[in-house]
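See below for the structure under consideration.
Each reported figure results from applying straightforward, stated rules to the coordinates on display, with no laboratory input. Every value quoted in this text rests on a predicted model; they were computed, and no experiment measured them. Quick reminder, even Gly has a Cβ in these numbers, built from the backbone with ideal geometry, and neighbours come from all protein chains shown.
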Amino acid sequence: MEIGDKKLELYISKAKSGNQSAFRYLLDTFWPAVYNYQLKRTQSENDAEDIAIQTFSKAFDKIDTYDEKFVFKTWLITISKNVHIDLLRKKNISIATDTSTEQEEQAYLVVDESPTPEDKIITEQNLAKLLRDIKKLKPKYQEVIQLRYFQELSYKEISTQINEPMNNVKVKLLRAKKLLAEIIKES
């Protein structure tokens, strides 16, 4: 644990009990570190984003195994490094299994989060302007925003539609909403 960082300790504790705003805080705080670490390793923005999404998905899924004796950022980077190694292995042997059916079912039991400040900003916008702002996002983020807010699909339905584990969908949607809220605030 980072010495003297009671705020981080509190958010990790809340995340362990399933608090969505704590997950959002951890994602926002540590995204740049994980993303930049992978950007240096992969030399690809898309790969770095995909690995960061999977890293947070795995970390949030296993947050209860986090040991406070260790630095949280180091724990995330270790997960990220392992995700990257796993992806390289999968490319080499063409096997793609991210989560078990049991993990998918457990993720499905998590209640969809209540509206966040980002959700409120997004829904308050003029639709035409909102559509223009959405088009400024990368295609993978546009897709999850479209499926969630315009087609009103559940996380499980989005997971099936884009053929990704539900935890990845949740992290991708959190990230997309944050980026979209930033675009909206700037314009």
Most to least packed among 15-22, 45-52, 166-173 [average Cβ atoms within 10 Å]:
166-173, 45-52, 15-22
Among chymotrypsin sites (Phe, Trp or Tyr not before Pro) in region 35-82, those in a DSSP loop whose Cβ has at most 14 other Cβ atoms within 10 Å are F70
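How large is the charge dipole for region 1-41, taken about the Cα centre, if only the Cβ atoms of Lys, Arg (+1) and Asp, Glu (-1) carry charge, to the nearest 20 debye?
Details: 7 positive and 4 negative charges, 23 e Å.
For region 1-41, the charge dipole is close to 120 debye.
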Taking amide hydrogens as modeled 1.01 Å from N in the peptide plane, which residues meet the under 5 Å criterion relative to L153, leaving out close sequence neighbours?
R148
Per the rule of 0.36 nm per residue minus the C-alpha distance, extending K156 to D5 adds in nm 50.8 nm
